[in-house]
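Written out below as structure tokens is the structure these notes cover.
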Amino acid sequence: AAAGAAAAVAAARGIARLAKESAIAEAELSKLNIALRGILGSKSEEGFKAIDRAARDFNQPILDATKNFTQLSAAARANGNSVKQTETLYRALSAATKATGGDAQDLSGVLRAATQVISKGVVRSEELRGQIGDRLPGAFQLFAQATNRSAEELQKALEQGEVSADEFVTTFSDFILNKFEPAALRIGDSPAEAGARLTKALEDANRAAGPLLMALGAKFQQFAVDALEELNP
């Protein structure tokens, strides 16, 4: 009987912990969704679909994917780029990072640098050779190939500020997407990524329960706030 009671308590604690984690994740995701709707307006549904496609194809945690895509969209929207162009760039950098052995941290770094490129309106050596090149091997040479420049020509153009962000968003992203997406998709479907796919399935289950758990948590928190306000003069 004692063993059964202990098992029940352990199970209850596990469920409570899962509920808390699901509610927290759903709350963060909800805030990001509000932010993305504010950035994309009537095009927000296109953005959500783009995030879901990339998350599933490349086994990305939905919270990370939403955060990265939202930040990239903010810069791209201000630069006049469409949701489709933003999705192409996001998928291209995701595929290239995965196909060259990078992880989620590498991808976040690459996407932060891409956001900086778009925000500045020009490609600088510090982003292409540094922040991106450190995480995406051969980025400089790939950009040169994509834009039909020699390495020397590209370096000179970078130094003179002649490489526009549009080349990065369109020409470069199309080039690396075509080059790396097939391999990235194979990796995503491989037995080596079975654990990542299981994590994604569990994440989907948590997301299904998340809104209810978040609503319950909000009610408890509001109850606590109301009680404290009554106690404090």
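Assorted remarks:
- For the peptides 176-186, 129-139, the ranking by packing is 129-139, 176-186, with the highest mean count of neighbouring Cβ atoms within 10 Å listed first.
- Simple point charges give the picture: +1 on the Cβ of Lys and Arg, -1 on the Cβ of Asp and Glu, and for segment 32-189 a dipole about the Cα centre of about 340 debye.
- Packing, as the average of other Cβ atoms within 10 Å across residues, places the peptides 88-100, 35-47 in the order 88-100, 35-47, highest first.
- 26 Å Cα-Cα threshold exceeded, pairs from 31/179; 43/98; 43/179; 67/120: 31/179; 43/98; 43/179
- Per residue accessible area of segment 42-147, 1.4 Å probe, in Å²: 40 Å²
- Summarising the amide proton neighbourhood of residue 122: residues at separation of 5 or more, or on other chains, whose placed amide H is nearer than 5 Å comprise 165.
The values are calculated or read from the model by the stated rules, or taken from the named source; none is laboratory data. As the structure is a prediction and not an experimental result, all values here were calculated from the model. Ideal geometry is used to build each Cβ from the backbone, glycine not excepted, and the neighbour counts take in all protein chains shown. All accessible areas refer to the heavy atoms of the entire protein, side chains included, with ligands and DNA or RNA removed. Shrake-Rupley method; radii C 1.70, N 1.55, O 1.52, S 1.80 Å.
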